[in-house]
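For reference, the structure discussed in these notes is given below.
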Ligand code: C2E
Ligand code: CA
Ligand code: CA
């Protein structure tokens, strides 16, 4: 028996295997994918954000340096009208305001919103007061000190440029600015470009055209795009120079950026769709495999795997562990026969039908699974033993008639796991705690209980209990020790004398086996002979007894005792062997014992086997000089008929004749007639199990030859028996 640690280990291994089947790693893949998608998107957006910030900043400084130069010039010579005039021609649009906000000078349209924020940019060294343009909403000064982009608006503009024909208006001052710029070759190159090309305006942005275009018919005609923001620069005396910055972008770059972004989005979407398809098909496939793992192909219901995994869940589950559970081994007794008489497919069809009926009779939390050929494993909830018994009886009753021309029989072995029991199975190591119990432990108990019924073919229900477990354990021990017990001479021959009731002289004895199990434990034959009869070891026992009795007789003869015949029991299983007589002869001769000192006892039930072979064996034994007796005459089935055919020497009247109420007057009549019958067939009569003096006297009066019973002597060890023999 595995110890607690091993048991838990085994269980863990099993649940690990089941978990592999149960776990759907498609979901894991899905979440991993989702996580990576989010992670990469975040990284991508952050990098892109830095990149955009960097570009905006460099553009900002470009524009700012131009405007601050203009502002400085203005501050230096405010009264010089020429300077103002030059500014009007060469600079970007601007406003100059006084202390109170009145506009002193203005170039171009005033689209400054005067809604703004202080912007630090990344080095935080300088700060600038930036205003939004009132016509354009693409860039704005953020509250966090950075220039921000409104991507949505940019996207709208971009798609408009792509798909619509946009009406641009040529800026009023742009024309003149262009004309004048030609005369000023020393102006900054960027200024020149801006000035050279006409600015077209729409949707709050300005565009310059390609060299070969003179109107904007589509995005192809645009060379660069300029987005306005206003910056306020101190111009001394409380005056502010508010200049219009144009963040200029080459349209090819913009298109490229959008194309790359679009491509990334498309790839991500396609990947996501592929992933989804693979995940969904994975889930479907997994479901199919899982169903196969738990499917029983004979009944179309659930299989043993299902029972194991769900059974453990039930008995250990948080909610269900406090309920009464019963494991049931439910067997369709007629399966093999039915398959033989019909066909295996028809037998399987019957199993499927049975499975269906059982499934229909249980509730959702209960389990029915097809375990092996004709075995169903059930896990049922119950109120009490009686209720469960009734329920099973009903089920058996219903199932016994599912095939019209047949009446089927079913056997159920039941092992209970009551809610209040935290343990099960008394073992040598103690009780097993419930948390270390597997469902198959309990089911095994149910099977053991069922095995008790296996000798019969009739329907029945057997509950597992402690006695059953003890029986089983005892059987196990006996089988384990049997071989060693023979070689270690643990079996002892006891002799029960048979006396002649007429003169109280010793006339014979019966050899009865005992097992010296330990120094002070002598086990009676009733506790192990039935086990040996079942497992076939009984033939060894019979040989052992014949040899030992023959050896004892020979020894006593040699010591000068007046030996009497000793009868040895030969089991029914042994009698089937055709060379039994030769075997016995061989053994007795080997020990050197005269044949007339050995008698062979056959039990009455043996006479129902192969009659012809039996008569043959009896005849042979007799021809070798052994006496043969019929044991337990009158017990169980009538054997008058066998008496007719069997040439037996001795008739042993069963102890039942002398027990109970029948032992009265009518009993006496039966006994005396049985004696007469035996006598007239030339047999000697032995009465067994005689304990009372009156019985002895009566038997003596009826001419009974010998009495074997406690009245004279109990079975005794050979040392005691020897003292009853005379020399
Ligand atoms: P059995 O062959 O019918 O043996 C007679 C049984 O009746 C013995 O029980 C004996 O002790 C008991 N008995 C005899 N007189 C009285 C009495 O006055 N009152 C009562 N109450 N009982 C009496 P035991 O020794 O326990 O043997 C039981 C059975 O075990 C035997 O029944 C026999 O079937 C089987 N057996 C015993 N030894 C052997 C053996 O060596 N080989 C085989 N094959 N079977 C054996
Ligand atoms: Ca006997
Ligand atoms: Ca007997």
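Results, tabulated for the structure shown:
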| item | result |
| --- | --- |
| Full-extension gain in nm, residue 458 to residue 714, via 0.36 nm per residue minus C-alpha separation | 88.2 nm |
| At 0.890 mPa s and 25 °C, Stokes diffusion of the range 83-166 via Kirkwood alpha-carbon radius, µm² per second | 161 |
| Ascending count of other beta-carbon atoms within 10 Å, so fewest first, for 144, 221 | 144, 221 |
| Rounded to 10°, Cα long-axis angle of helix 81-90 versus longest principal axis of the chain | 40 |
| Volume per residue that the Cα convex hull of the range 473-628 spans, once the total is divided by residue count, Å³ | 136 |
| Modelled FRET efficiency - R0 22 Å, residue 576 with residue 540, Cβ distances, 0.05 increments | 0.90 |
| Value of [θ]222 nm, deg cm²/dmol, for the chain, DSSP H segments ≥ 4, -39500 (n - 2.57) each, nearest 500 | -15500 deg cm²/dmol |
| Approximate spin-label separation residue 40-residue 321, in nm, with each point projected 7 Å along Cα-to-Cβ | 4.5 |
| Packing rank of 372-384, 91-103, 520-532, where each peptide gets the mean count of other beta carbons within 10 Å, highest leading | 372-384, 91-103, 520-532 |
| Calculated FRET efficiency for the pair residue 272/residue 134, C-beta based, R₀ 45 Å, to 0.05 | 0.65 |
| With eigenvalues of the C-alpha gyration tensor scaled by 5 and rooted, the range 324-471, Å | 28, 16, 13 |
| Projected-area mean, the range 431-532, by convex hull of Cα positions, square nanometres | 11.3 |
| Potential lengthening between residue 342 and residue 722 on full extension [0.36 nm per residue; Cα-Cα distance subtracted] | 130.5 nm |
| Within the range 289-323: backbone nitrogen closer than 11 Å to the residue 434 label point (7 Å, Cα to C-beta) | 315-323 |
| Per-residue Cβ neighbour rank within 10 angstrom, fewest leading, 276, 88 | 276, 88 |
| Residue order, fewest to most surrounding Cβ atoms within 10 angstrom, among 312, 300 | 300, 312 |
| Quarter of Cα convex hull surface for the range 22-146, i.e. mean projection, nm² | 11.4 |
| Label point distance in nm, residue 677-residue 20, each placed 7 Å from Cα along Cα→Cβ | 7.0 |
| Radius of gyration and Dmax over the Cα atoms of the range 71-126, both given in Å | 13.7, 38 |
| Span per principal axis, largest first, for the Cα atoms of the range 281-372 (Å) | 48, 41, 19 |
| Tilt relative to the chain, helix 439-451 - C-alpha long axis, 0 to 90 degrees, to 10 | 20 |
| Where only alpha carbons of the range 224-364 are counted, the Rg and the Dmax (Å) | 36.7, 120 |
| Rg and Dmax [Cα atoms of the range 529-592; Å; Rg one decimal, Dmax integer] | 13.0, 40 |
| Between helix 580-591 and the chain: long-axis angle, C-alpha atoms, 0 to 90°, nearest 10 | 70 |
| Approximate shape of the range 38-89 as ellipsoid semi-axes (Cα gyration tensor, √5λ), whole Å, largest first | 42, 8, 6 |
| The chain: Rg to Rh, with Rh as the Kirkwood radius over Cα pairs | 1.48 |
| Residue 120 paired with residue 487, simple spin-label distance in nm, labels 7 Å along Cα-to-beta-carbon | 9.5 |
| FRET efficiency estimate (nearest 0.05) - Cβ-Cβ, residue 292 to residue 613, R0 51 angstrom | 0.45 |
| Average projected area [Cα convex hull, the range 450-497], square nanometres | 5.8 |
| Between the range 548-585 and the range 20-77, the Cα center-to-center distance that results, in Å | 107 |
| Segment residue 100-residue 596, extension gain: residue separation times 0.36 nm, minus the distance between their alpha carbons | 163.5 nm |
| Segments 506-519, 386-399 sorted - mean Cβ within 10 Å per residue, highest first | 506-519, 386-399 |
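Any read-out appearing in this document is the output of simple, stated calculations on the displayed coordinates, not a laboratory observation. These numbers come from a predicted model, not from an experiment. Please note: Cβ atoms are built from the backbone with ideal geometry, for glycine as well, and neighbour counts cover all protein chains shown.
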